[in-house]
């Protein structure tokens, strides 16, 4: 909430999509939620336009009471935003047609990528994540989900020691 009592949109705590089995948070990590925060839900997972009768959605939150153990200055911020491929408009794809789209995002600081989650809805086929490093003029493929299936929206988590380290000003290129 800002000084005028208005809600301020914050970072994403988590998300869930059809087929996703949950989310792993690294040992010793936490997602800090400021006091008086508002939790928003955007539930849209029924594929045929009809609500699922008697369905329930729940979320688990663990509270940590001892603030002395958490030193924000010694921690790394985790960015849980969704970096989209589109400008927010709808796509018009004719029957049996195809569409390729890309999204780009750069950071002004070094970044470690812990996971990525392709999200394409029903007509998606594949998605890839590359980087372009302007310091050396090179593109590199980080991950690709080919033969994609809308029945699984898994977060692909990199193993410890194998997370891509992205230099400042590098551009992430998402292609679907």
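The values are calculated or read from the model by the stated rules, or taken from the named source; none is laboratory data. Quick caveat: nothing in here was measured; it's all calculated off a predicted structure. Because the Cβ atoms are built from the backbone with ideal geometry, glycine has one as well, and the counts that use them run over all protein chains shown.
Residues checked against (1) in contact with a helix residue (DSSP H, G or I) (Cβ under 9 Å, 6 or more places away or on another chain); (2) modelled with pLDDT of 70 or more; (3) surrounded by 10 or more Cβ atoms within 10 Å (Cβ to Cβ):
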{"site": "2", "(1), (2), (3)": "no, yes, no"}
{"site": "17", "(1), (2), (3)": "no, no, yes"}
{"site": "24", "(1), (2), (3)": "no, no, yes"}
{"site": "34", "(1), (2), (3)": "no, yes, no"}
{"site": "39", "(1), (2), (3)": "no, yes, no"}
{"site": "48", "(1), (2), (3)": "no, no, no"}
{"site": "56", "(1), (2), (3)": "no, yes, no"}
{"site": "59", "(1), (2), (3)": "no, yes, no"}
{"site": "68", "(1), (2), (3)": "no, no, no"}
Study note, to complete from the structure: Subset of region 127-141, residues under 30 Å from residue 97 (Cβ atoms) and surrounded by fewer than 12 Cβ atoms within 10 Å (Cβ to Cβ), comes to 139, 141
Check your understanding: Any chance region 97-119 includes a residue that's out of contact with any strand residue (DSSP E or B) (no Cβ under 9 Å at 6 or more places or on another chain) and at pLDDT below 85?
Key -> no
Revision key, fill the gap. Scanning region 142-159 for residues that are surrounded by fewer than 11 Cβ atoms within 10 Å (Cβ to Cβ) and free of Cβ contacts under 8 Å to residues at least 24 places away in the same chain gives 146, 147, 159
Review point. Within the bounds of region 110-126, is there any residue that is loosely packed, with under 12 Cβ neighbours inside 10 Å, touching a residue at least 40 places away in the same chain (Cβ under 8 Å) and within 15 Å of the chain's Cα centre (by Cα)?
Key: yes
Exercise for review: Determine, yes or no, whether residue 85 is part of a loop (DSSP other than H, G, I, E, B), touching a strand residue (DSSP E or B) at 6+ places or on another chain (Cβ under 7 Å), at pLDDT below 85 and surrounded by 10 or more Cβ atoms within 10 Å (Cβ to Cβ).
Suggested key: yes
